[in-house]
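Remarks on the structure that follows.
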Amino acid sequence: LQVLKMELAPHFLFNALHSISALIHRDPEAANNTLVRVSDMLRYSIETSRVQTVPLRDELDTLRLYTSIEEVRFGDRLRLSWDVAAETLDAAVPHMLLQPLVENAIKHGLEVRSTSGAVAIRAERRGDQLRLTIRDDGPGVQRASPRRGAGLGLANTRARLAELYGRRHTFTIVSAPEGGTEVTITLPHVANAPAEQPTETTGRQGGRAS
């Protein structure tokens with residue numbers, strides 16, 4: 001799990017630097033603003049490098065930092081919508097679960113065309129299950145996308161979910177009935193436990209053990 005999680009930071013950094021490179025000559029101020037946000041996101045990623053699950057509210061804060069980077073890049077072309085049920089905010093989710101999924105939605109749903117595109121993020125509770133949905137209005141999975149890549153984000157997500165939840169989760173990618181691609185994840189709806197903090201081991205005399 002730790003190795004899988006460590007794959008995400010360089011993957012994100014590579015794509016973010018590519019975005020900044022595209023902005024440098026066209027819009028230097030936007031490039032600088034994007035670089036500041038990338039720095040904030042990487043700092044947070046390093047600080048939480050050993051954390052596997054977080055409350056959904058924290059995951060959404062990380063995602064909003066990422067989408068603010070993409071909004072600088074795409075401007076009015078990127079239309080985001082958030083539909084998050086309040087009862088889901090304390091649910092435990094894998095840290096950095098949503099960012100690669102939204103990145104993929106933007107890559108294959110928006111970058112492939114010159115017009116605007118929409119990405120919808122939804123979280124809801126269904127009984128003892130948490131249901132997360134990312135939907136774009138791009139060409140859908142039935143049409144070949146000109147933006148081919150290694151698919152690291154999706155492969156990483158599949159592997160992490162399998163290790164953390166086994167058969168207690170589902171992960172589907174389908175063409176949405178109204179067009180575009182819809183990614184849906186269901187997980188057990190449980191409150192996130194506080195992250196374990198490293199503690200010092202002390203001897204009987206109060207000295208630090210070797």
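The values are calculated or read from the model by the stated rules, or taken from the named source; none is laboratory data. Here the structure is a predicted model, which means the values were calculated and not measured. Note: areas computed on protein heavy atoms with side chains; ligands, DNA, RNA excluded. Shrake-Rupley method; radii C 1.70, N 1.55, O 1.52, S 1.80 Å.
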* Heavy atoms only, probe 1.4 angstrom, no DNA, RNA or ligands counted: give me Ile173, Ile121 ranked by accessible area, highest first. => Ile173, Ile121
* Residues of region 20-162: accessible area per residue at 1.4 Å, in Å²? -> 49
* Asked: When all protein chains stay in place, what accessible area (Å², nearest 10, 1.4 Å probe) is found for Ser21?
  -> 70
